[in-house]
Every structure is written in C-alpha cells, then in structure tokens.
Amino acid sequence: MTPYLRPLGAEEQNRLLSALNSEGDKIMLRLLLETGRSLEDLRGAKSCDLDRDRGVLRLRGEYEEAEDGSSGVEEIPLSPELLRAVVGYIDANPGKTHIFEGRCGKPVGPKWARCVLVPAAAKIGVEDPRAGAGRG
C-alpha cells in the first residue's frame, strides 16, 4: 500500500522539507502535502501532465478510460508557488519523461517514502510522516 501523509503542522512540514537533500524530493513532499494525494497517485506524473497555463497537474488513473466512460484523468490544481517550483524543476531537468524519475528513466518507486522521507524525519526527530505508520 502506498502511503498518504498524516496531518503535519507547519513547523513539522518546514523541518521535514529542510531535512531533504534533493530538490526533487522536496517538490515531491510539497506535492504530497499540498494535494493530499498518495505517493502512488503522484509518482507516475509525467512532465507533459503539467498544464503550465492552467496551473494543474493531470493525474492519470491506472486505465486511460474509467468504467463510467470518463477519461480517467483528474486535474489537480497547484498553488502558484508550487507551480513555479514544479516548472523550475522540470526546466532544470530536461529530457525526463516523468517528473520524478528513479533509475533508468522509470518513475520513483513506492520505496521513496521508506528510503527518503522516513530517514529524513528520523534525522530531525519528527515522527514517521506516513499516515498510520509507526504509532501505537
């Protein structure tokens, strides 16, 4: 199961963002925080899925056409600040198909939260940011 983030206060968000090393990781976290979407929803987003003029990120379902006959594409509005950050990141990394690529040009995998986000949180003393993880 791909995680959603638990609610994080502004201080936790800022500390966690500052603990991440790469700009791509910071933008991924900002997208997770701002949109409330899961990593699974965002990880396959392609550069061409960003509508710069309208300020939306198109997220495609697993299938091109949904069962109800709709396109299976959902448009997620981005704040102007986050839109600028995503555009800047895409422009600084030309040639990538996916906004967030791992090895061999494939989208980052579901391990991103476990291998990047959780260690960054532990480093700064923030509880595991994944919803339902590490508590109890």
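The values are calculated or read from the model by the stated rules, or taken from the named source; none is laboratory data. Values in this document were obtained by computation on a predicted structure and should not be read as measured data. Heads up, the Cβs are rebuilt from the backbone with ideal geometry, glycines too, and the neighbour counts pull from every protein chain shown.
In table form, for the structure just shown:
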quantity	calculated
Hey, S47 touching a residue at least 24 places away in the same chain (Cβ under 8 Å), in contact with a strand residue (DSSP E or B) (Cβ under 9 Å, 6 or more places away or on another chain) and among the hydroxyl-bearing types (S, T, Y) or not	yes
From L20, L39, residue being within 18 Å of K123 (Cβ to Cβ) and either surrounded by fewer than 20 Cβ atoms within 10 Å (Cβ to Cβ) or out of contact with any Gly (no Cβ under 7 Å at 6 or more places or on another chain) (or both)	L20
Residue that is surrounded by the fewest Cβ atoms within 10 Å (Cβ to Cβ) [pool: residues in the stretch 90-136 that are in contact with a strand residue (DSSP E or B) (Cβ under 9 Å, 6 or more places away or on another chain), within 18 Å of D41 (Cβ to Cβ) and of a type in the set (D, E, K, R)]	K106
Qualifying residue in the stretch 73-82 (condition: over 19 Å from L16 (Cβ atoms), surrounded by 11 or more Cβ atoms within 10 Å (Cβ to Cβ) and at pLDDT below 90)	yes
Per-region count, the stretch 1-52, residues over 13 Å from the mean Cα position of the chain (by Cα), over 21 Å from I76 (Cα atoms) and outside any loop (DSSP other than H, G, I, E, B)	8
Within the stretch 107-131, tally of residues that are of a type in the set (V, I, T) and in a loop (DSSP other than H, G, I, E, B)	3
